[in-house]
Every structure is written in structure tokens, then in C-alpha cells.
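The values are calculated or read from the model by the stated rules, or taken from the named source; none is laboratory data. Being a predicted model, the structure only gives us computed values, none of them experimental. In this analysis, Cβ positions are derived from the backbone assuming ideal geometry, glycine residues included, and neighbour counts consider all displayed protein chains.
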Amino acid sequence: MAYCRMMSSNPLPDGAFAFCFYQVDPNVLAQDVSVFFNQLQYKFEGGTPMRSTWGQGDDTMRVLFGAFVKRYQFSVAIDPQPGSPYVWLRLSKAITGAMGGVIGYSQMNTEFQRITVAMQRFFSM
């Protein structure tokens, strides 16, 4: 269960997804993001609480076996708006999935859609 509740969510022109929050502590939002990805068995792969990368699977195995091995990686950026009560969370793909060829690319797009819907539900509860 998330402590922060989103006001709205919108796809962005670059393929990312934006979530808008009102009067939330960015640090609490970062903790909620961690809970969200941990529940889905994603691991923290780097960055800071405000600019994090979350992944699942193994790069080496993906290169060796292509689409037969799952590999997903997403970036999260939390941006408090100066002088405003709004905080934006940006979810984007950190990899394209191209290492798995056409199938891998399709798998990455499908997983991004699944994560986006799951995040919308998580922050709506």
C-alpha cells in the first residue's frame, strides 16, 4: 500500500509516463517507489532515491540467449516543482530490449505497459 496518492498520470511524447502528486514528501514517494518495485521482484540497480534504476534479469544471459532470457530495466525520476505543491514522477525504459531482437523489443514494450498500469493502481489505492 502506498502512502502517496497520485492526482493524474499521462503518457509523454518521448514514450515515458508521468505521474503527478500533490503535497507529498518526495522522500516518502521515493520509498513508495522502492516498495512498488520490490513487490514486483525488481532490484535497485543504481542511482539515488530521486533518480533510480530498477531492473529484472541478467544482461549477460540476455546477450547469450536473446529473447529466451528476460531482462527489463526502468528509470524513475522524482521531480519536486520549486514553489509548487506538485511532485512529478517520470517512469521510462532504461533499455530498449533490442538485445533480444524483435521479440525482446516487443517484450520490453509489453512489460513497460504492465509496469505503468501496475504503478497507476499502486498509487491509486
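Exactly one of these conditions fails for LEU29: (1) modelled with pLDDT of 95 or more; (2) assigned to a strand (DSSP E or B). Give me its number.
(2)
Does region 36-66 hold any residues that are surrounded by 14 or more Cβ atoms within 10 Å (Cβ to Cβ), part of a helix (DSSP H, G or I) and at pLDDT 95 or above, and which are they?
PHE36, PHE37 - these are the residues of region 36-66 that are surrounded by 14 or more Cβ atoms within 10 Å (Cβ to Cβ), part of a helix (DSSP H, G or I) and at pLDDT 95 or above.
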